[in-house]
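Engineer: First the structure, which I've put down as structure tokens, then a few questions once you've had a look.
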Amino acid sequence: MATDLTQKLLERMQAQRSSIAQDVSDGRQRGLVLRNAPTGLTWWLRTKANGKPRRLLLGSFPGMSIATARSVVSDATDALRRGENVDASWVAARRVEAGLNEAPPAPPEPERPKTWLWEDARDAYLADAARRLRPAIANGYRQFLHHPALVPLAGRTVADITRQQLAVVVADVFHAGAETQSTNTANVLRPM
């Protein structure tokens with residue numbers, strides 16, 4: 001049975017907590033449920049997904065006001081009508097928008113050396129190849145990336161090496177008569 005939840009009623013329920021968990025549906029916002037439990041009052045979104053009942057925790061009272069809870073449930077109902085996925089991460093984003101939680105910090109950007117030399121990039125790539133590839137394949141990568149035609153790249157920063165310059169190196173390997181090796185060198189350089 002739906003009840004018209006008011007601030008006064010919520011304060012009274014908080015003062016007189018139930019000894020067993022009881023759910024009270026809001027009469028003004030369909031899908032909003034207040035759970036009165038010995039541990040406190042919590043807001044829940046009650047909905048259906050693929051025909052099965054589903055509940056999502058929104059927050060606790062008094063941390064989340066009734067107006068905020070109704071607004072979140074209203075937004076969730078609209079999102080579900082549009083076919084969007086409403087899950088715990090969706091609720092977390094709404095809590096941030098409502099000022100109830102701080103936004104999670106952005107993951108730090110991986111620090112890349114500004115003056116990463118060709119040799120450093122090659123060695124890091126080969127170390128990764130040795131870790132994830134079979135030894136024979138990793139050794140093949142090592143041979144291709146230590147080819148004499150790649151010597152002109154030594155001492156240069158990776159940021160300064162262009163695709164055109166790499167194409168010239170591969171062409172030099174090809175014109176030296178090592179056609180298969182030029183193809184393999186290009187294949188190893190491409191993901192690098």
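Each reported figure results from applying straightforward, stated rules to the coordinates on display, with no laboratory input. Not measured: the values here are computed from a predicted model. Cβ placement follows ideal geometry from the backbone for every residue including glycine, while neighbour counts extend to all protein chains displayed.
Engineer: How many residues are surrounded by fewer than 17 Cβ atoms within 10 Å (Cβ to Cβ) and part of a helix (DSSP H, G or I) when one looks only at the range 139-157?
Structural biologist: 7
Engineer: Considering the range 168-192 alone, what residues qualify as being of a type in the set (Gly, Ala, Ser), touching a residue at least 12 places away in the same chain (Cβ under 8 Å) and assigned to a helix (DSSP H, G or I)?
Structural biologist: Of everything in the range 168-192, those that are of a type in the set (Gly, Ala, Ser), touching a residue at least 12 places away in the same chain (Cβ under 8 Å) and assigned to a helix (DSSP H, G or I) turn out to be SER182, ALA186.
Engineer: Also, I was wondering about something else. Testing ARG28 on (1) in contact (Cβ under 8 Å) with a residue 24 or more places away in the chain; (2) more than 25 Å from ASN101 (Cα to Cα); (3) in a helix (DSSP H, G or I), one condition comes back false. Which one is that?
Structural biologist: The number of the failed condition is (3).
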